[in-house]
Amino acid sequence: MAFTLKVNGAAHSADVDADTPLLWVLRDVLGMTGTKFGCGMALCGACTVHVDGTPLRSCITPIGSVGDRAVTTIEAIDTTSQGRAVQQAWLDLDVVQCGYCQSGQIMSAAALLKATPKPSDADIDAAMSGNVCRCGTYQRIRAAIHRAAGSLSENRR
Amino acid sequence: MSESASVPRFDRREFLKVGAGVGGLVLSVAIPSLLRPASLSTAQQTSSFAPNAFIRIDRAGAVTLVMPMVEMGQGVYTALTMLIAEELEVDLEQVRLEHAPPSDALYGNSILHVQTTGLSSSVRAFWTPLRQAGAVARTLIVSAAAKKWGVDPGTCRSRRGVVYDAAATRHLRYGELVDAAAALPIPAPDSVALKQPKDFTLIGTPVKRLDSADKVNGKAQFGIDAKIPGMKFAAIAISPAFGGSVRSVNEAAARAVSGVRQVVRIEGAVAVVADHTGAAKKGLKAAAVEWDDGPNAAIGSGDILRQLQEQSTRSGAVARNQGDAKKALAGAVQRFDAVYQLPFLAHAAMEPMNCTVHLQKDRCDLWVGTQAPTLTQAVVAELTGLPKDAIKVNNHLLGGGFGRRLDADGTLLAVRIAQHVSGPVKVIWSREEDIQHDMYRPAYYDRLSAGLDASGKPVAWIHRVAGSSVLARYAPPLFKNGLDVDAVEAAAEPPYDFPNIYVDYVRVEPPGIPTAFWRGVGPVKNVFIVESLMDDLAAAAKQDPVVYRRSLLSHNPRALGVLNLATEKAGWGRPLPPRRGRGVSLQFAFGGYMAQVAEVEVARDGTVKVHRIVCAADCGIVVNPNTIAAQVEGGALFGLTAALYGAITLRGGRVEQSNFHDYRPMRMNEVPVVETHIVKSTEAPGGFGEAPCSCVAPAITNAIFAVTGKRIRTLPIDTSQLKS
């Protein structure tokens, strides 16, 4: 079945079954490999993308359910102010280690800051506990989210 | 492992003298730039200055450094670059990095003798060679400038990629000097003077990672991200019981799935090849593979435990025998006997196992992230019958290694599938396959006895280590006289003054489950065991655990130093809220010293909450303090995760765990605050990627003992035993 998908502001077509997870369409059909495969069961968050601004686990999201909603991936998260602030905070605090989970971490963090501009530690726990990092960068992720929130609020002033 | 055949076998000096042309040829097989776009053109490469296999400078002044070790999060691309840049006198902003092609001759790690990234050895092994490589290149460039100016090279100096004369009136950029420098004879690496540590401008400063930018925008290329024109995608099912075989496959049902091209049946596994992984997985499900479980069908964890219990009563290969421990034990005032049990562990790196293969008649191209590129090349050559130099290993960033990617089983499986596929094929393991067909940290069963004199001092220490030998399988020449030196590291040489100590090792190979290295290797179990028993002895001697340890460290100032620093920073002895306690651990491992203090709360229902971990490290000269802190934060969590949750169990020959719900990683809401304190040192660097991981478990369990009086001797921690 042919689908037209809006990804990062551009239309793409994919001829796949309707139950094909969005993750594999992005990675294997469209060649956008920034979104990662980690578990296939929405247990680790590595595959997180935004669909109409809401974070979704693309590994369990059938392409047939996406419709004409706008998909944003790590490749274009810098088009949002939250995405840019999160990326900069990640660089400022040297968050990454192996880096494999970080696309998903950044997508979750950007979505958190959009919904909750000044998140508490409890907000961060709630929004980020679905994203696994085996290198153990959590402490820096937490600090970087607070930093990104601070820079966004300064920019608003 | 033999030397790689991928480069001509003339001697190293000869290779270096041939210079730029050959250097360009060798380096051209490296994959395109990690941090900057596209590799230099061939024309530029041949005109570049390449005084050794690590450094290439072109006429535009672009500095390319070839990384002999792999980046898997441990920060080694940044640290190794700093070593070269310190002596080469270039800015980190000027360099671009490349993954090295496989070559033990050019890129072998002097500690492991092969081009393998492991055992926290990269900085230790390359500390001198890479500084020498940088110094050789700088010496040649400075000589070239001095010759042009007709001055003594000793009067010139270089900084940030520019050479200046004595008065700093004349200067030349490195790029302007490459042709002249390439024409000069190359000095021997050990003939060039290296900087004194007091003159370092880069080493020891907190430098930001060089690989961050591409890791926050999705551009970083891991093995799983390889894009090869015409590539197909394969999903695999491996026999759930180790050593089992395929009984039946519904190939027609698999092929009926849209996008599926082929069903491949190989010994012990089935692969479905498709236009994308989604179709491959759907096809694999439709294939409804049935299995014959084979010879290990009846194996369960209980069988393996019984085997360990029985065989650990035999005497083993002696790792350490000082004084007369048996006699001292017999004469001790107090005797302490304990057994420690550790489970199999999976690695569960975030990037599941994968490999892309294009097998052709006369060559085999591999795109993979591996800790062992030359081993990978050798085993694929053996499997395919092709010569080694026909096996092209395009290494990538690793989405976590932790020891998993020291083994080439995933690559071999992919090549066996590719033998049936025309064109390139990317094989990606599901998380379930990744966890159920890992090669596991061995289970161990250690028996200890200690004796105290009337003052509480340990006069006898006897430790028998029993478990699988990874070393005997992985590096047979290093397994001598029945002794696995890795399995006893940190057990044979505890930091304490023990007058009578006896440590031996019994090799016990479990049936039906393969074993492998895991972050922290030997020390990750031995430090837990030694430090747990030390805590018991302190209690038996009715002494504070820190005071007790200090009394046995007067001969060991570096160990005493980290113990004092960690306990001071943690506020050891200060009051804590109810149900909270502190525990301490101390280790000498990977060539460095470390102490950790954990602050832990144990709830009435037994739930363990770790609030804070304070770590003090003396690992000699620190290359990048930023990386050290990151490794403490990450390594401590890796070890803590295993201590709290980690266990792989077998039932009916099959691994029972399958994904992150039953093989639990720590998550954001559970993590403690981790603090790092570094002891300034001028000693040679120690290894660091694994040290924090091996030090953490006993700090936690000793804190649990402080709260509850209950001693944990089996991991993972069984919280049901901690109810009060």
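Nothing in this text is a laboratory measurement; each read-out follows from the coordinates by a stated rule. Being a predicted model, the structure only gives us computed values, none of them experimental. Every residue, glycine among them, receives a Cβ derived from its backbone with ideal geometry; neighbour counts consider all protein chains shown.
Cβ neighbours within 10 Å, averaged per peptide: list A:133-144, B:630-641, A:84-95 in order, most packed at the top. Write down the numbers at each step before the final one.
Working: A:133-144: 25.2, B:630-641: 28.0, A:84-95: 22.9.
Going from most to least packed, we get B:630-641, A:133-144, A:84-95.
Could you calculate the FRET efficiency of B:Ala540 with B:Glu310 from 1/(1 + (r/R0)^6), where r is the beta carbon distance between them and R0 is 41 Å, rounded to 0.05?
For R0 = 41 Å, the calculated efficiency reads 0.90.
Give a residue-ordered list of calculated ³J(HN,Hα) values for the stretch B:180-185 (Karplus: 6.51 cos²θ - 1.76 cosθ + 1.60, θ = phi - 60°; whole Hz; x for Gly, Pro).
Rounded to whole hertz, the list is 5, 5, 5, 7, 8, x.
For B:Gly592, which sequence-distant residues (separation of 5 or more, or a different chain) have an amide H within less than 5 Å of its own amide H, given hydrogens modelled in the peptide plane?
B:Gly687
Looking only at the stretch B:432-541, where both bridge partners belong to it, what percent of the DSSP beta bridges are antiparallel (to the nearest 5)?
Of the beta bridges lying entirely in the stretch B:432-541, close to 50 percent run antiparallel.
Quick one: compute the contact order of chain B, relative version, from alpha carbon pairs under 8 angstrom and 6+ residues apart, as a percent.
14
Give the average, rounded to an integer, of partner chain Cβ atoms located within 10 angstrom of each Cβ in B:218-230.
Numbers: counts 16, 4, 8, 1, 5, 0, 5, 7, 1, 4, 0, 0, 0.
Shielding by partners across B:218-230 averages 4.
Going through the DSSP H helices of chain A, which span 18 Å or more along their own axis at the Cα atoms while scoring at least 0.0 as a mean Kyte-Doolittle hydropathy?
Helix filter hits for chain A: A:102-115.
Label the protein assembly as shown by shape, choosing from rounded, prolate and oblate, from the square roots a ≥ b ≥ c of the eigenvalues of the Cα gyration tensor; if a/c is under 1.5 it is rounded, and otherwise prolate applies when a/b is larger than b/c, oblate when it is not.
Note, shape of the protein assembly as shown comes out rounded.
Using modelled amide H (1.01 Å from N, peptide plane; none on Pro or chain starts), what sits under 5 Å from the amide H of B:Gln334, excluding residues fewer than 5 places away?
B:Leu452
With a Förster radius of 35 Å, plug the Cβ-Cβ distance of A:Thr54 and B:Ser248 into 1/(1 + (r/R0)^6) and report the FRET value to the nearest 0.05.
Working: r = 43 Å, r/R0 = 1.23.
That gives a FRET efficiency of 0.20.
Taking θ as phi - 60°, what are the ³J(HN,Hα) couplings along the stretch B:439-452 by the Karplus curve (6.51, -1.76, 1.60), each to the nearest whole Hz, with x for Gly and Pro?
3J(HN,Hα) across the stretch B:439-452, in whole Hz: 10, 9, 4, x, 7, 10, 9, 10, 10, 10, 9, 9, x, 10.
Step through the residues of the stretch B:228-234 one at a time and calculate ³J(HN,Hα) from phi using the Karplus curve (6.51 cos²θ - 1.76 cosθ + 1.60, θ = phi - 60°), rounding each to whole Hz and writing x for Gly and Pro.
After applying 6.51 cos²θ - 1.76 cosθ + 1.60, I find 10, x, x, 5, 9, 10, 10 Hz.
Given axes a ≥ b ≥ c from the Cα gyration tensor, I'd like to know whether the stretch B:460-524 is rounded (a/c under 1.5), prolate (a/b larger than b/c) or oblate.
Verdict is prolate for the stretch B:460-524.
For the stretch A:2-76, what relative contact order do you get, as a whole percent, if you take Cα pairs closer than 8 Å and at least 6 residues apart?
Values: 147 pairs, mean separation 28.7, N = 75.
For the stretch A:2-76, the relative contact order is 38 percent.
Rounded to the nearest 5, what is the percent of antiparallel bridges among the DSSP beta bridges in the protein assembly as shown? Numbers along the way, then the final one.
Values: 95 of 127 bridges.
Beta bridges within the protein assembly as shown, antiparallel portion: roughly 75 percent.
Projecting each Cα onto the charge dipole of chain B (Lys/Arg +1, Asp/Glu -1 at the beta carbon, about the Cα centre), which of B:Val671, B:Asn702, B:Ala541 comes out farthest on the positive side?
Checked the options; the winner is B:Val671.
Whole angstrom only: what separates the Cα centroid of the stretch B:688-715 from the Cα centroid of the stretch A:35-72?
Value for the Cα centre distance between the two parts: 38 Å.
Round to the nearest 0.05 the FRET efficiency obtained for B:Thr201 and B:Glu568 when R0 = 41 Å and r is the Cβ-Cβ distance.
0.85
How far is the Cα center of the stretch B:248-273 from the Cα center of the stretch B:334-371, in Å?
26
Could you check how many percent of all C-alpha pairs in the stretch B:288-370 are farther apart than 19 Å?
Numbers: 2501 of 3403 pairs.
Here the tail beyond 19 Å accounts for 73 percent of pairs.
Give the percent of DSSP beta bridges with both residues in chain B that are antiparallel, rounded to the nearest 5.
So the antiparallel bridges in chain B amount to around 75 percent.
For chain B, what is the per residue volume of the convex hull drawn over the alpha-carbon atoms, in cubic angstrom?
166
Let me know the Kirkwood hydrodynamic radius for the stretch A:2-76, please, with Cα pairs as the basis and the value in Å to one decimal.
11.9
Within a 10 angstrom radius of each residue's Cβ in A:30-38, how many Cβ atoms of other chains show up on average? Whole number is fine.
Taking the mean over all residues of the peptide, I get 6.
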